[in-house]
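**Student:** Below: one structure in structure tokens.
The values are calculated or read from the model by the stated rules, or taken from the named source; none is laboratory data. All of these numbers come straight from a predicted model, not from anything done at the bench. Because the Cβ atoms are built from the backbone with ideal geometry, glycine has one as well, and the counts that use them run over all protein chains shown.
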């Protein structure tokens, strides 16, 4: 992890634009309204044909591929995967929201995250690739960098462009890299975030791990049965301090940290060591005490393993009193590689609205920890929000957003 | 800003690059060419080895040896690049979904299909809790990891960073890629390959190490602006085209090789032009093999004859520039210096 404390001259990282499409809305405003009215977007599968449909609930974006293609004015013969379609909608909104124009005067970077890239098309066409010409355009759209390239091209970004994939912490790591590019002076402006579409591949994968709930998920509840998968995309425009004179700054990204649990490929350690280290590093970078955090947007997948391990880590970091915390995955489902970006946008909105988003469906405290998430909408003074994202391979990331 | 040195460079490829002290290269042929597998048991316990796909084995073994050669137990970061990720296990899980119509599935191949499996397995083996990231951006996957590593060493006071690129062939998707290339008269001519190349970057200057001066990536560049971009990159590092002794290029035989011809025109006649994908094959992280070659050449002060192809050997090899692109996009410049 970067040790930039010595680097006193480091630049601040301002957030000047956000964009999002998720199960609770196709635009920023729709997402904001759903959050403010405690309206979850989790329901039945409609966009994908899967045998698991009757046994799962998901957080789907409520637009078909054709509707997304229309909205984006793409040519009929495009080879956009759903991952790329969702990503482009959210990235365009972030650019519009910040009011920047992307041209040669200032180099704009683009860092995106995805878990399975173009899998939503590959899984439909794999066996047709050898013989059906019309499907072959999806061979080149399989790799994880494809959606990023398409979004960058559509936005007119030609310089520094890359993709990160560390499972469910991917977008948090993309946001972190963007911040480091700015603090180190490599870039003055970078668009960061992530996109992931639901796929049969992912649904069946999580099914084999037996961590999918057949009902709406109940994060941090003693009787939680597992997660709901979701699909979404969200991006943030990050700019260095000096770029933001006379500009509306939504919030600042003040802390970030990544650590590895080094325990198991898919499970988290009992003590939440990776999560603990990631939060500790982020607090150090932000130069904040744990008591300065007013709201924790938890990873909170609602799997037995994650919520217990994360609760342990939260207790180790915060002790008593525990700040307000909640998992907004009860609204959107677990949007995998996009989750860190979705929850970054929700964290910025929490600062804007001075509101803690509720952890829906909560009833009973986890016996081992006795922790109670904030389960109803709560308005209060919020200066700093801490957001967690943890992925397979022990990959743990924490971001801190501040009003300053 | 600290300087960044490459303390070790290890490559598993279609060549005998992993074991040999001195590199002898042979041209490879065929549609797809596998990497030469080292004796994995020297690096990975048999229990773990059994479950690992080719890319994970290659990555973990190359990373272990790179750390050994640099005398490091635990790096301060593990950064991996992979274009196609764990395609073997991805294909395995996808095919069982298709074959069994979403029934009777087991989680192993799904778990191991995740793009960051290699980086995670390296961390798990070393019990390394440090920063761990995986880049998956086509032909810039490895370069992105390298750029992150350079940022850490130069700007963020990090001592030792493990950086690598890894891709495995898989058994199905690669055939569709090959088929489309072969249908296209302007398609890729070298075999599709696989491999893993790992490096230890360090802020510490040691005897006979290579300095990584800089790296620049561009998502898109027009062929007309390429020479200017190259010259601007060099002057950013206070260099001119005539200070480059060797230019290492990513030619793969497709029509986009024009970019390499155009790039080489920016350099004087004396600059030695080398291309390497006829030895390792083309794949998204093939450029990591190119960097491995660059390091070997600077350290040994020798260019293997098969690579040189009757060009005159230079007496002193100080500065190397690597240039790679894929299908006219995802351009990267990497600058190395002997020190």
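**Student:** Given A:198, A:227, which one is buried (at least 23 other Cβ atoms within 10 Å of the Cβ) and more than 21 Å from residue A:147 (Cβ to Cβ)? Break it down into steps so the answer makes sense when it comes.
**Tutor:** Numbers: A:198 fails: more than 21 Å from residue A:147 (Cβ to Cβ).
Matching residue, one of A:198, A:227: A:227.
**Student:** Moving to a separate point now. Is at least one residue of the range A:162-179 more than 7 Å from chain B (Cβ to nearest Cβ) and free of Cβ contacts under 8 Å to residues at least 60 places away in the same chain?
**Tutor:** Within the range A:162-179 (the criterion being more than 7 Å from chain B (Cβ to nearest Cβ) and free of Cβ contacts under 8 Å to residues at least 60 places away in the same chain), the answer is no, since none of the residues qualifies.
**Student:** Which ones in the range A:246-278 are within 13 Å of chain B (Cβ to nearest Cβ) and more than 19 Å from residue B:119 (Cα to Cα)? Spell out the reasoning first.
**Tutor:** We begin by selecting, within the range A:246-278, every residue within 13 Å of chain B (Cβ to nearest Cβ); these are A:256-269, A:271-278.
Those that are within 13 Å of chain B (Cβ to nearest Cβ) and more than 19 Å from residue B:119 (Cα to Cα): A:256, A:271, A:272, A:276.
**Student:** Please state which of the following conditions residue B:66 fails to meet, knowing it meets all the rest: (1) touching a helix residue (DSSP H, G or I) at 6+ places or on another chain (Cβ under 9 Å); (2) touching a residue at least 60 places away in the same chain (Cβ under 8 Å).
**Tutor:** Here residue B:66 meets the rest and fails (1).
**Student:** Looking at the range A:115-137, can you tell me whether even one residue there is within 12 Å of residue A:83 (Cα to Cα) and touching a strand residue (DSSP E or B) at 6+ places or on another chain (Cβ under 7 Å)?
**Tutor:** yes
**Student:** Then there is this: In the set B:302, B:278, B:325, which member is outside the structural domain of residue B:173 (by TED's automatic domain parsing) and part of a strand (DSSP E or B)?
**Tutor:** Working: B:302 fails: part of a strand (DSSP E or B); B:278 fails: part of a strand (DSSP E or B).
Answer to the check: B:325.
**Student:** Please state which of the following conditions residue B:134 fails to meet, knowing it meets all the rest: (1) within 23 Å of residue B:70 (Cα to Cα); (2) touching a residue at least 60 places away in the same chain (Cβ under 8 Å); (3) not in a helix (DSSP H, G or I).
**Tutor:** (2)
**Student:** If you don't mind, there's one more thing I want to ask. Whether any residue in the range A:97-107 is out of contact with any strand residue (DSSP E or B) (no Cβ under 8 Å at 6 or more places or on another chain), without any contact (Cβ under 8 Å) to a residue 40 or more places away in the chain and within 9 Å of chain B (Cβ to nearest Cβ) is what I want to check. Let's see the steps before the verdict.
**Tutor:** Residues of the range A:97-107 out of contact with any strand residue (DSSP E or B) (no Cβ under 8 Å at 6 or more places or on another chain): A:101, A:103-105.
Imposing the further condition that a residue be without any contact (Cβ under 8 Å) to a residue 40 or more places away in the chain reduces the set to A:101, A:104-105.
Cutting the leftovers down to within 9 Å of chain B (Cβ to nearest Cβ) gives us none.
The answer is no; no qualifying residue exists.
**Student:** How many of the residues in the range A:241-283 are in a strand (DSSP E or B) and modelled with pLDDT under 95?
**Tutor:** Going through the range A:241-283, the residues in a strand (DSSP E or B) turn out to be A:251-260.
Of the ones still in play, those that are also modelled with pLDDT under 95 are none.
Total meeting the criteria: 0.
**Student:** Continuing with this model, one more query. Scan the range A:139-160 for residues that are within 10 Å of another protein chain (Cβ to nearest Cβ) and part of a helix (DSSP H, G or I) and jot them down. Give the steps one after another, and end with the answer.
**Tutor:** First, pick out the residues of the range A:139-160 that are within 10 Å of another protein chain (Cβ to nearest Cβ): A:139-140, A:142-146, A:148-149, A:152-153, A:156-160.
Of everything in the range A:139-160, those that are within 10 Å of another protein chain (Cβ to nearest Cβ) and part of a helix (DSSP H, G or I) turn out to be A:146, A:148, A:149, A:152, A:153.
**Student:** Additional query: Step by step: first the residues of the range B:104-131, then only those that are outside any helix (DSSP H, G or I) and more than 7 Å from chain A (Cβ to nearest Cβ), then the one that is surrounded by the fewest Cβ atoms within 10 Å (Cβ to Cβ). Which residue is that?
**Tutor:** Let us first name the residues in the range B:104-131 that are outside any helix (DSSP H, G or I), namely B:104-107, B:113-116, B:127-131.
Those left that are additionally more than 7 Å from chain A (Cβ to nearest Cβ): B:104, B:113.
Details: B:104: 9, B:113: 25.
Among residues in the range B:104-131 that are outside any helix (DSSP H, G or I) and more than 7 Å from chain A (Cβ to nearest Cβ), the one surrounded by the fewest Cβ atoms within 10 Å (Cβ to Cβ) is B:104.
**Student:** Regarding the range B:181-192, can at least one residue be identified that is more than 14 Å from every other protein chain (Cβ to nearest Cβ), crowded, with 16+ Cβ neighbours inside 10 Å and either within 20 Å of the chain's Cα centre (by Cα) or within 24 Å of residue B:277 (Cβ to Cβ) (or both)?
**Tutor:** At the first step, the residues of the range B:181-192 found to be more than 14 Å from every other protein chain (Cβ to nearest Cβ) are B:185-186, B:189-191.
The next check asks that each one be crowded, with 16+ Cβ neighbours inside 10 Å; those that pass are B:190-191.
Keeping just the survivors that are either within 20 Å of the chain's Cα centre (by Cα) or within 24 Å of residue B:277 (Cβ to Cβ) (or both) gives B:190-191.
Yes, the range B:181-192 has at least one match.
**Student:** Checking residue B:85 against (1) within 21 Å of the chain's Cα centre (by Cα); (2) within 30 Å of residue B:252 (Cα to Cα); (3) more than 9 Å from chain A (Cβ to nearest Cβ), which single condition isn't satisfied?
**Tutor:** So residue B:85 meets the others, but not (3).
**Student:** Of all residues in the range B:151-160, which are more than 10 Å from chain A (Cβ to nearest Cβ) and either assigned to a loop (DSSP other than H, G, I, E, B) or under 20 Å from residue B:137 (Cα atoms) (or both)?
**Tutor:** Step one: of the range B:151-160, the residues more than 10 Å from chain A (Cβ to nearest Cβ) are B:153, B:160.
Hits for the range B:151-160: nothing passes.
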